[in-house]
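Asks: Here's a structure for you.
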């Protein structure tokens with residue numbers, strides 16, 4: 001059984017998103033470890049990119065700060081190697097096609113395998129063009145995580161049928177960022193997925209409170225929280241591990257409400 005599949009075996013999975021290198025990689029390491037200590041079942045690591053089209057201003061800011069601090073893809077690979085000395089939960093990269101192609105697709109994916117990355121998310125890779133990456137991912141056993149959005153409509157079943165690792169369900173239209181209310185009919189999207197596959201479904205984009213997390217977790221196998229965490233990193237900087245750990249513990253506990 002893969003590490004990703006195992007992460008969803010314990011009940012509702014909590015998946016935090018953390019931008020590598022914001023404010024520095026040493027702090028990122030503390031954030032990942034405190035996330036796991038406080039209930040994270042899988043961690044999504046953002047590789048900074050200068051034009052992160054799926055991101056709202058909060059995560060865009062984190063990308064800018066990380067790049068200004070000198071973070072590079074090679075430094076992040078070395079960082080993950082160190083993480084894997086004691087972090088055993090699945091680790092997923094979230095980045096953009098340009099990062100992968102400029103590095104070299106096979107070199108990037110083979111290095112992911114070497115350092116212990118379990119999957120990658122490329123939000124700007126169209127489903128119809130995934131064959132440029134997916135065969136190499138399969139060669140090295142790195143899951144190419146698919147995303148579906150409210151606009152996917154008739155494509156939902158097709159995307160879900162070919163999904164690997166877990167399926168990332170985008171809760172709202174637009175870019176990442178906290179939202180006061182999520183009105184998308186997520187249950188109907190998950191129902192379409194369930195007609196063709198039993199792959200775990202994790203919902204992300206906009207989830208920022210325990211109330212939202214508990215409600216949305218009722219409709220899926222896990223939740224992904226990014227901007228709400230990155231906001232705290234922006235606020236507390238190198239001292240953010242404590243506040244972020246407390247937030248993650250609260251969010252994780254909300255997934256088990258009665």
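The values are calculated or read from the model by the stated rules, or taken from the named source; none is laboratory data. What you see is a predicted model; the values in this text were computed from it and never measured. Every residue, glycine among them, receives a Cβ derived from its backbone with ideal geometry; neighbour counts consider all protein chains shown.
Asks: Would the range 37-59 turn up any residue that is modelled with pLDDT under 95, in contact with a strand residue (DSSP E or B) (Cβ under 9 Å, 6 or more places away or on another chain) and part of a helix (DSSP H, G or I)?
Replies: Checking the range 37-59: at least one residue is modelled with pLDDT under 95, in contact with a strand residue (DSSP E or B) (Cβ under 9 Å, 6 or more places away or on another chain) and part of a helix (DSSP H, G or I).
Asks: Can you tell me which residue is nearest to residue 170 (Cα to Cα) among those in the range 12-25 that are more than 15 Å from the chain's Cα centre (by Cα) and free of Cβ contacts under 8 Å to residues at least 60 places away in the same chain?
Replies: If we take residues in the range 12-25 being more than 15 Å from the chain's Cα centre (by Cα) and free of Cβ contacts under 8 Å to residues at least 60 places away in the same chain, then 21 is nearest to residue 170 (Cα to Cα).
Asks: Listed residues 129, 211, 181, 164; which is surrounded by fewer than 18 Cβ atoms within 10 Å (Cβ to Cβ) and modelled with pLDDT of 95 or more?
Replies: On the way: 129 fails: modelled with pLDDT of 95 or more; 211 fails: modelled with pLDDT of 95 or more; 181 fails: modelled with pLDDT of 95 or more.
164 is the lone residue from the list that is surrounded by fewer than 18 Cβ atoms within 10 Å (Cβ to Cβ) and modelled with pLDDT of 95 or more.
Asks: While we're here: Could you say whether any residue in the range 93-108 is within 23 Å of residue 5 (Cβ to Cβ), in a loop (DSSP other than H, G, I, E, B) and in contact (Cβ under 8 Å) with a residue 12 or more places away in the chain?
Replies: Yes; the residues of the range 93-108 include at least one that is within 23 Å of residue 5 (Cβ to Cβ), in a loop (DSSP other than H, G, I, E, B) and in contact (Cβ under 8 Å) with a residue 12 or more places away in the chain.
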